[in-house]
Each structure stands twice: as C-alpha cells, then as structure tokens.
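See structure below.
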Amino acid sequence: MPNIADDIGAELAEICEAAAALILPLWRSGLAVTHKADESPVTEADRQGEALILARLKAAFPDIPVISEEDASEFGTPDAIGPRFFLVDPLDGTKAFVRGDPHFTVNIGLIDHGRPVAGAVTCPPSGESWFTEGGRTLKRMAGAAAHPVRVRPWPKGEAICLISHTMKPETADKLAAEYGFDLREPMDSSIKLCRIAEGTADIYPRHGPTMEWDTAAGHAVLEAAGGRFTTPEGEPFVYGKAQDGFRNGWFVARGA
C-alpha cells in the first residue's frame, strides 16, 4: 500500500469540516442527551457526524478500516486490527457540547504501525481546522487559506497548562509541581492539543482515562508541529491496543 500519510491531511480536514457543518446547527438547540453504558453522554450530533465521516472515509479510502467512537460503543471494538487504520471521534467534548461550551471538536487520525501519521481536527463553533501535511501542521479558518503553525519555546514563568474543567485544585497543584508550569486554563476536548501545536499553550498532562480515538488526530497534529506526545516516563505512545479495548494510558503532551 502506498504511503499516503503526507498527502491526506487536507482531505481529512475537509471531511471534518463537513461533519462540523452538520453538527453546528444542533449545538445549543436543546438536543436530547442519552447516556452510554459507561454513563458518558451521547447526542444525535455524535451519531450524525459519525455517519457522515464513515461514509466519506469509505468512499475515499475503501481499503483502510475505521474504528469510531459511537460504533465502538454500540458494537464493541475488534479483537485485532491491522497495521493501518483510522481512528474517528465525531464529537470529542460531548459534555462541553451539551453545556453549550465551544470547546468540542471533530477528529480523524490515521494510524500506521502504532503511530499517528496523519490527522485533522476541526472546532465547529470557531471554524478552526488543524491538519497535517508534508510533515508539518497547517491551520485554517473556514473559508480562508491555510498557514503553517508551530509549537513555541517553553516560556519561563508564563508556561500555560491546559486542564479539564473538572480537575480539582489540589490535583492541578501536584501537576504544577511535577511539570513546572505557571498558569492554568481549563478546556475540553482535543482542542487542547491543537492549542499547544499552534503555540498558544505549552503542556497538557493527562493522568486519567482516555480512548485512542480521543487523542490520535490531535497527537498527529501536535507532533507535526514540533511537539511531543509521550507516556509520563517519556516513552513513545502507541495505538492499536486492541487487547485493551483501545484504551489509553496516561500521557503528557508538550510543546517545544
């Protein structure tokens, strides 16, 4: 199979943007919220966005399997997966979406032999998209041309850590002592990884559960922008963990 990773980021971004256009009118519309077996929320926006993405990926890349959040929630994850596959989260940050907050995203990442080699993330409320292309990360606003983005050097005394809205202050204090950041900003979804990639934040330590589809696209975007995404011990962070139900361990995302 030819190496397509360098060339498909923009196409993945177009698919994310199409899903975002479908999802956005449902935001703040009083949409009904149901709950999955793990008590996480799901809405019709999640389902409609996923259906569009799956159809578009099947048409464009019929030979590459896809693992997506809502399908996995309903039918389970496969017991095994080949070396190349897509990971899709059609609406990352459903809790933010339900609250009416703007920090939710549409995500598509391509995995090859355990690594995210291409990806795209779109934030529907802001119209921002970040995507990989030719070993770098580009960003564009809806209707505008794309431009390269890059992580920034660690700003001593002003380093910003992105944390979840639900993180307790004492937990954030422990992370600050461990990782040396100065400022904190609560934020949902994979947009945290994109903010680090574009150089407006510096670190996102996640000492808690996530799934592979939550991180794959943002991981690809961050690394292509010069950032790092590793285990807390600094080891490579791998994908395709079918034996674990595609659950992630802890990770730390950093800029330069």
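We did not get these values from a lab; they are worked out from the coordinates using the rules stated. Just so it is clear, the structure is predicted and the values come from calculations on it, not from any experiment. Reconstructed Cβ throughout: ideal geometry from the backbone, glycine too, with neighbour counts over all protein chains shown.
Quick notes
- Taking percent of Cα pairs over 28 Å apart as calculated from this structure, the corresponding entry among (1) 27; (2) 41; (3) 36 is (1).
- Using the rule -39500 (n - 2.57) for each DSSP H run of four or more residues, divided by the residues of the chain, the 222 nm mean residue ellipticity is -9000 deg cm²/dmol.
- What the Cα convex hull of region 207-246 gives, in volume per residue, is 80 Å³.
- Ranked 239, 179, criterion: other C-beta atoms within 10 Å, fewest first: 179, 239
- Ordering 200, 122 from the fewest to the most neighbouring beta carbons within 10 Å gives 200, 122.
- Each peptide in 97-107, 245-255, 54-64, 31-41 receives the mean, over its residues, of other Cβ atoms within 10 Å, and ordering these scores from highest gives 97-107, 245-255, 54-64, 31-41.
- Euclidean distance of C-alpha centroids, region 170-224 and region 1-76, integer Å: 22 Å
- Full extension of the chain between residue 242 and residue 59 gives 63.4 nm of extra length, using 0.36 nm per residue less the Cα-Cα distance.
- Computed from the C-beta positions of residue 36 and residue 165, the FRET efficiency with R₀ = 22 Å rounds to 0.65.
- With coordinates expressed along the principal axes, the C-alpha atoms belonging to region 9-149 extend over 41, 41, 23 Å, beginning with the largest.
- At full extension, residue 74 and residue 156 could sit 24.9 nm farther apart than now, given 0.36 nm per residue minus the alpha carbon distance.
- Convex hull of Cα atoms in region 154-256, direction-averaged projection (nm²): 6.2 nm²
- Sequence of 91, 24 once ranked by neighbouring C-beta atoms within 10 Å, starting from the fewest: 24, 91
- Only beta bridges with both residues in the chain are counted; by DSSP, about 85 percent of them are antiparallel.
- Greater than 23 Å apart at Cα, pairs in 168/241; 95/168; 36/95; 168/192: 168/241
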